[in-house]
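Asks: Okay, here's the structure, questions in a sec.
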Amino acid sequence: MSNIYVVGSINMDLVQQVQSFPQPGETIHSVHSFYSPGGKGANQAVAAAKSGAETYMLGAVGSDAFADELTTSLMQKGVNIEQVLHKAGTSGVATITVDGSGQNHIILTAGANGELTSEDSQGWYGLFKKGSIVLFQNEIPWRTTQDTMKAVRQAGGYTIFNPAPAMPIPEEALPLIDLLVVNETEAEVISKRAAGTISAAKQAAETILETGVPRVILTLGEQGSLYMDQDGLSFVTPAYSVHAVDTTAAGDTFIGALAARLALTSQFKDWNEALAYASAAAALTVTRRGAQESIPTLQQIEAFIA
Ligand code: ADP
């Protein structure tokens, strides 16, 4: 069985619900507020662990009050935290304000995530083996991501890259990617084409494959997802029809669950099955509020599909 390693961000999300956004200089009361663990890396790790995969978080927290809470929360959800580094200063924090119409403002403090150096990541290289599946996003310094991708490939591991938040991919990194997973916005930034419908997405995916990336999955919210690879396999997985109440972490759940399914069941042979599973996992997530707490378990996902 392949282990899953997630090289990425760990954040505390501070969510404030307000009636309307404050003007500069104005002080207002929130209607409701809470904080909960998030960060794309940590969310994907939780999704993989909840789907039954042996999952390791490779990232950093700070030395503030959030640090312990963030690592404990990961551990309680089944993620191995032995390799999480502790840096001086603040942990990653996302301050999210949501107004009465559902619009949001997000201020991201990279904190310890932004301090994760390529030298730090060298301590993890010995973990990677043939068959290891390693997930990356764009919430830690790019140099760290790229150097770690190289180490994974040298060890015979498999790299899954989710370039979120959206950024163009440096040319030298393209040969290091085994599977690229992008949403509509990320697909548009990378392909420089529209990708908002399945037919537009097919053209965007073809443009992305021309860069040399061997396979790409393009997710399109309730329109489902598109898989396309260099061997000519291409298919659409429809989204499950559910009553969505909060789409936070849909993409992260999709990726973590997909990685777990590839590791445990499909062994990279049955992409249709793995994508149907990932899409069920993400559909369940959007029916629940929150980030990590909304991510379903293997049993819940299998019961939903059955
Ligand atoms: P992101 O959260 O990264 O923007 P998407 O919105 O494309 O990602 O969602 C990822 C996947 O989650 C979709 O391909 C789909 O399978 C599932 N999904 C997202 N939104 C919904 C929804 N409203 N109903 C059902 N499935 C959804």
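Throughout, read-outs are computed from the coordinates displayed, never taken from laboratory work. Here the structure is a predicted model, which is why all the values come from computation and not from measurement. Don't worry about glycine lacking a Cβ; one is built from the backbone with ideal geometry, like all the others, and counts go over all protein chains shown.
Asks: Just checking, does segment 101-113 include any residue being within 17 Å of the chain's Cα centre (by Cα) and not in a helix (DSSP H, G or I)?
Replies: yes
Asks: Name the single residue, out of those in segment 223-238 being polar (S, T, N, Q) and outside any loop (DSSP other than H, G, I, E, B), that is farthest from G212 (Cα to Cα).
Replies: Result: Q223.
Asks: Can you pull out the residues in segment 159-179 that are of a type in the set (A, V, I, L, M), without any contact (Cβ under 8 Å) to a residue 40 or more places away in the chain, within 16 Å of the ligand (Cβ to nearest atom) and within 18 Å of G131 (Cα to Cα)?
Replies: L179
Yes or no, residue by residue, for (1) under 18 Å from the mean Cα position of the chain (by Cα); (2) surrounded by fewer than 21 Cβ atoms within 10 Å (Cβ to Cβ):
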| position | (1), (2) |
| --- | --- |
| S36 | yes, yes |
| N43 | yes, no |
| L58 | yes, no |
| D64 | no, yes |
| L70 | yes, no |
| K77 | yes, yes |
| N80 | yes, yes |
| V84 | yes, no |
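Asks: Which of (1) among the polar types (S, T, N, Q); (2) free of Cβ contacts under 8 Å to residues at least 24 places away in the same chain; (3) not in a loop (DSSP other than H, G, I, E, B) does S73 not meet, given it meets every other one?
Replies: Only one criterion is unmet by S73, namely (2).
Asks: To continue, here is another question. Is it fair to say G111 is surrounded by fewer than 23 Cβ atoms within 10 Å (Cβ to Cβ) and not polar (S, T, N, Q)?
Replies: no
Asks: Between residues in segment 264-283 that are in contact (Cβ under 8 Å) with a residue 60 or more places away in the chain and in a helix (DSSP H, G or I) and residues that are away from the ligand (no atom under 14 Å from the Cβ) and of a type outside the set (V, I, T), which pairs lie under 7 Å by C-beta distance while being six or more apart or on different chains?
Replies: L264/M1; L264/G52; L264/A53; A281/S51
Asks: I've got another one for you. Going by the conditions given, is S101 more than 25 Å from D246 (Cα to Cα) and polar (S, T, N, Q)?
Replies: Here the answer is no, as S101 does not meet what is asked.
Asks: Filter segment 216-240 down to the residues that are on the phi > 0 side of the Ramachandran plot and more than 20 Å from the chain's Cα centre (by Cα) and list them by number.
Replies: Correct list: G232 only.
Asks: Somewhere in segment 247-261, is a residue closer than 26 Å to G131 by Cβ, among the polar types (S, T, N, Q) and within 8 Å of the ligand (Cβ to nearest atom)?
Replies: Among the residues of segment 247-261, at least one is closer than 26 Å to G131 by Cβ, among the polar types (S, T, N, Q) and within 8 Å of the ligand (Cβ to nearest atom), which makes the answer yes.
Here is a yes/no grid of residues against (1) part of a helix (DSSP H, G or I); (2) touching a residue at least 12 places away in the same chain (Cβ under 8 Å):
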residue	(1), (2)
V181	no, yes
I190	yes, yes
A194	no, no
A200	yes, no
A205	yes, yes
T211	no, yes
L218	no, yes
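Asks: Can I ask one more? I'm trying to understand the selection: among the residues of segment 252-277, which are over 13 Å from A48 (Cβ atoms) and either within 18 Å of the chain's Cα centre (by Cα) or crowded, with 24+ Cβ neighbours inside 10 Å (or both)?
Replies: Passing the criteria: L275, A276.
Asks: Related question: Given the structure, is V236 within 11 Å of the ligand (Cβ to nearest atom), of a type outside the set (F, W, Y), touching a residue at least 40 places away in the same chain (Cβ under 8 Å) and surrounded by fewer than 24 Cβ atoms within 10 Å (Cβ to Cβ)?
Replies: It is false that V236 is within 11 Å of the ligand (Cβ to nearest atom), of a type outside the set (F, W, Y), touching a residue at least 40 places away in the same chain (Cβ under 8 Å) and surrounded by fewer than 24 Cβ atoms within 10 Å (Cβ to Cβ).
Asks: Output yes when any residue across segment 129-137 is buried (at least 19 other Cβ atoms within 10 Å of the Cβ), within 20 Å of the chain's Cα centre (by Cα) and over 21 Å from T253 (Cα atoms), and no when none is.
Replies: no
Asks: Looking at (1) in contact with a helix residue (DSSP H, G or I) (Cβ under 7 Å, 6 or more places away or on another chain); (2) of a type in the set (D, E); (3) over 23 Å from S234 (Cβ atoms), which one does E302 not meet, given that it meets all the others?
Replies: So E302 meets the others, but not (1).
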